[in-house]
Structure formats: C-alpha cells, structure tokens
Amino acid sequence: MVQRFGPSRAAVGLAVAGLLVGIPVFFEVGVVMLMPLALGTARRTGRPLPGLALPLCIVLLIVHALLPPHPGAVAAAGLLHVDLGRLILWAGPVVLLTAAFGAGLAMVLTRGMEPAQPPSLTRGEPDAATDEIATGEPPAAATIVALILLPIGLILCGSIATMVLPAGGWLRPTLALLGSPFVALLIDVLLCSWVLGVRRGWPLKAVADVVGSALPAVAIVILITGAGGGFAKVLVTSGVGVAVSDALGATGLPILALAFLLALLLRVAQGPTAVAIIAAAGIVAPAVAHAHLDADHTALICVALGSGGMFGSHVNDAGFWIVTRLTGLDVAQGLRTWTVLSAASGVFAFSLAAALWRFA
C-alpha cells in the first residue's frame, strides 16, 4: 500500500490496510498486529509515528464498531432481529465514508506531533508455527484480500438469496446455509488453512499451532460479548435501562437518535465499545419493537448503536491505553487526538445513518 500511494501518502496506505485487516480481527488485536508496520513505515519515511498510526487505528475502530462479523454489530443485530447481510449493505457505505473522514481528521490532528515517550512495541518469543511462517514466500496480496472478503461475500449472498429467490427449490436454502455467519467464517478458516498453509508446504502441526493460537483471542471476544449481554440484561431487569430510555424518550427524540445517545452514554461511562453497543441494543430493543420499523430502518438503528459505541474513547477504555502506549502518546496527547478523533468519527457515522434514514 505504501508503494502504491507513495511515501507522502503513507498514512493513506496504512489506513486502507487497516480497513481490510479490520474486517476479520478484533480492534485491539488489529492494533497490535499492524502497529509494527506503522513503526517500520515511520522509520523508512522519517515521519512521526502518530501521524501514521492514528489513521490506521481509527479505521480499525470504525470497522470494529459498525461492521459484522464483529461482536458488537452481530449481537446488536441479533437483539434487534436484523439480518446480517442487510446490516452489511447499509453499514458498508457508512464504514467507507467514515473511514475516509476519520483518517483525514487523524492526519490533521497529528500534523507535526512528536510522541511524548518512546512507543512500547514488544515482540513475542518465536515458536514452531512462526518458524514455519518465516520460511516460505509470502502469499500474494490479492489472495489475502480475497480470503478476508470471502465471508462477507458469503453472508451477503445468503441474505440477498433469502430476499429475491423463491422459497421452493434447493438454491435459496443452500445459499442461506453458506451465508450463515458461523458457516461462512468456518469455510474461510478451513480455506485459509489450506491456501496459506498446506498448499505452501506447511506440516499439519504448524497449521494446527496457528489455528490454536487464535483460541485465546476468541475466548476473550466471547467473554466480552457474554459480559455485555449480561450487563444489558442487568440494566433492563433492574429498571435502570428503562429509566434512562424513558428519560431520553421523554425528550421527543427520534428512535435513531435515542439509540445513538444510549450507546454514547454507555460508552463514555463504562469504556469498551462492544459492551456499550450490546447493552444499548438490549435497552432500546423494546422501543424498536414497539415502533414496528421495517428491516432497513432497523438495520440503520444498529448503525446508530455502533456510531455511539465508538464515541469518545478515553481513560476508562482499554483501547485508549493500547493506542497511546503503542504510539508513544501521553495521556494529554491521547485526549487531544484519539478521544477527539473517536468522538468526531462517531458523530460523522451517525450523521450518515440519519441521512440514509430518509432513503431506507
């Protein structure tokens, strides 16, 4: 990407790479994975690290908050009974435009900014799997992009098939099965294991080590998603969520703005994006059901929840500390850049959802 965009637009190349890599990986994982690339690019181009890293990080956060198969978006879609393919169709344009806005704003906010402290990048000890990875030629970029986009394409095909194909016959249920998120991701994992591993001469043990190394990260995602669902249930059962929802509803706000503000308040109060989205979705779900919205408008409610869930990352958010520590920013610099950046991106994404509401 840096070669294609040129050294003067290296931040744009990193942001595009973040957009692609951010689809299948958790936000924090994507930051840790790609930050060494930003550091290497900074050394090659002589540019300050924050100006290269923050556009990358904000794009990862936008994808994480708005687009399936990330846990917040998937859980919100489940609570509001939204088809994932339909959510992707509406969230996709919002993600692209918000990513362009966020990356551009990040370049403006970090212009000429030097990190206040050395970036804390660490590398783990090599193991058998990484030794095997290092021995072969790297796969083609087109292959990697195709593997990343495959599950999204399968989910979209499954959703479109259920909307346009007749109920009889075998094609519609087959495409619906392949487009199920669990089946689509499983197919992609198996295909990655063969294309990136077995076909390139890896022993099965190395492939198994790489696949097994993903289990701890998956466990954390499941734990956070489960905790977020439990938190949402506590808020609903205890009456706190209903009280907050009623207080906001009494203002006469539209349901789209109500969803955004609920997610925003929970995000600022408790930190993690996924938990804020899931909890807000649980609170707003009865109001959405009472409004009798169609499928497209309900999908835009999910986009509004994701927009609020990315708003204003600050000191109670683990992502704030990961970004600031890995880029060498101190707390004041992080609040002036990363917090403002995430807040502005959330408002921009919500504005797009509100604009699309008229056309849904």
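The values are calculated or read from the model by the stated rules, or taken from the named source; none is laboratory data. Computed from a prediction, not measured in an experiment: that's the story for all the values here. Every residue, glycine as well, gets a Cβ built from its backbone with ideal geometry; the counts of neighbours run over all protein chains shown.
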Positions within the stretch 246-282 being at pLDDT below 85 and either in contact with a helix residue (DSSP H, G or I) (Cβ under 6 Å, 6 or more places away or on another chain) or within 15 Å of residue 235 (Cα to Cα) (or both), in sequence order: 246, 247, 248, 269, 270
Filter pass, residue 186 being in a helix (DSSP H, G or I), modelled with pLDDT under 85 and of a type in the set (A, V, I, L, M): no
Tally of residues being under 12 Å from the mean Cα position of the chain (by Cα) and closer than 23 Å to residue 55 by Cβ across the stretch 74-95: 3
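Suppose the filter is aromatic (Phe, Trp, Tyr), over 22 Å from residue 295 (Cα atoms) and in contact (Cβ under 8 Å) with a residue 60 or more places away in the chain; does residue 202 pass it?
yes
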One residue from 273, 327 being surrounded by 24 or more Cβ atoms within 10 Å (Cβ to Cβ), more than 18 Å from the chain's Cα centre (by Cα) and polar (S, T, N, Q): 327
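What do you reckon, is residue 56 farther than 22 Å from residue 320 by Cβ and of a type outside the set (Asp, Glu)?
No; evaluated as a whole, the condition is false for this residue.
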Breaking point among (1) surrounded by 24 or more Cβ atoms within 10 Å (Cβ to Cβ); (2) under 16 Å from the mean Cα position of the chain (by Cα); (3) not acidic (Asp, Glu), for residue 318: (1)
Residue within the stretch 312-320 that is modelled with pLDDT of 95 or more and closer than 19 Å to residue 345 by Cβ present: no
Identity of the residue in the stretch 148-187, touching a helix residue (DSSP H, G or I) at 6+ places or on another chain (Cβ under 7 Å) and of a type in the set (Gly, Ala, Ser), that ends up farthest from residue 26 (Cα to Cα): 161
Where a residue in the stretch 44-63 is within 19 Å of residue 336 (Cβ to Cβ) and its partner, wherever it lies, is among the small types (Gly, Ala, Ser) and part of a loop (DSSP other than H, G, I, E, B), with Cβ under 7 Å and at least six apart: 49/328
Flag if residue 193 is modelled with pLDDT of 85 or more, among the hydroxyl-bearing types (Ser, Thr, Tyr) and part of a helix (DSSP H, G or I): yes
Hits in the stretch 1-43 - residues which are free of Cβ contacts under 8 Å to residues at least 40 places away in the same chain and aromatic (Phe, Trp, Tyr): 5
Among the candidates 17, 103, residue that is more than 24 Å from residue 159 (Cβ to Cβ), at pLDDT below 90 and not hydroxyl-bearing (Ser, Thr, Tyr): 17
Any hit, the stretch 199-208, residues being in a loop (DSSP other than H, G, I, E, B) and in contact with a Leu (Cβ under 9 Å, 6 or more places away or on another chain): yes
Residue under evaluation residue 300, criteria (1) surrounded by 24 or more Cβ atoms within 10 Å (Cβ to Cβ); (2) outside any helix (DSSP H, G or I), criterion not met: (2)
Breaking point among (1) under 30 Å from residue 360 (Cα atoms); (2) modelled with pLDDT under 90, for residue 124: (1)
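Does residue 293 satisfy being part of a loop (DSSP other than H, G, I, E, B) and farther than 18 Å from residue 31 by Cβ?
Yes, satisfied.
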